[in-house]
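Down below is the structure, laid out as structure tokens.
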Amino acid sequence: MLPSPQDILKNTKTLAIVGISNKPERASYQVAAYLQAAGYQIFPINPGLREVLGLTCYPSLSALPGPVDLVNVFRKAEDCLPIAEEAAKIGAKALWLQLGISNTECQQLAEKQGMAYVENKCTKIEHAQLNQS
């Protein structure tokens, strides 16, 4: 049986936010700020930025200083497969495509690599539901 989004979040301590923005009005920024405030260790990923939320921003998953439990993706569906491949390469335990993003190839790759997989769901919304149960 596949883990639920809530189970994945319960077992996550570190997560990379791929496609994070430094603009507070953007969903990627808001979700990252929420997760950071909730106690998760966040690693921003965006090759165009140096710092987000007071944290060093890394150009890629491969540039991270260590492993992450979850790779949370804020990119267009057609841009996600290389990210999924890189997530597998660095040994991420889970791949999560944000609300509005679905990619069959990513799902197949995640399953083949033994990564938990979620698509078309928001980590912030799913985490908020954890606290209601």
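Here, each number is a calculation from the coordinates, and none is a lab measurement. Predicted model only: the values in this text are computed from it and were never measured. Don't worry about glycine lacking a Cβ; one is built from the backbone with ideal geometry, like all the others, and counts go over all protein chains shown.
The calculated 222 nm mean residue ellipticity attributable to helices in the chain amounts to -9500 deg cm²/dmol, summing -39500 (n - 2.57) over DSSP H runs of n ≥ 4 and dividing by all residues.
In this Cβ point-charge picture (+1 for Lys and Arg, -1 for Asp and Glu), the chain has a dipole of about 260 debye about its Cα centre.
The residues 12, 104, when put in order of fewest to most other Cβ atoms within 10 Å, stand as 104, 12.
Exposure proxy ranking for 56, 123, based on other Cβ atoms within 10 angstrom of each Cβ and starting from the fewest, stands as 56, 123.
Considering only the Cα atoms of the stretch 1-79, their convex hull presents on average a projected area of 5.9 nm². Sorting 69, 79 from the fewest to the most surrounding beta carbons within 10 angstrom yields 79, 69. In this structure the amide hydrogen of residue 117, modeled in the peptide plane, comes within under 5 Å of the amide hydrogens of 95, none closer than 5 places in sequence on its chain. Checking [x] 123; [y] 113; [z] 100 against volume of the Cα convex hull per residue in Å³ calculated from these atoms, the matching label is [z].
Contact order, relative form, for the stretch 5-130: 24 percent (alpha carbon pairs under 8 Å, 6 or more residues apart, mean separation divided by residue count).
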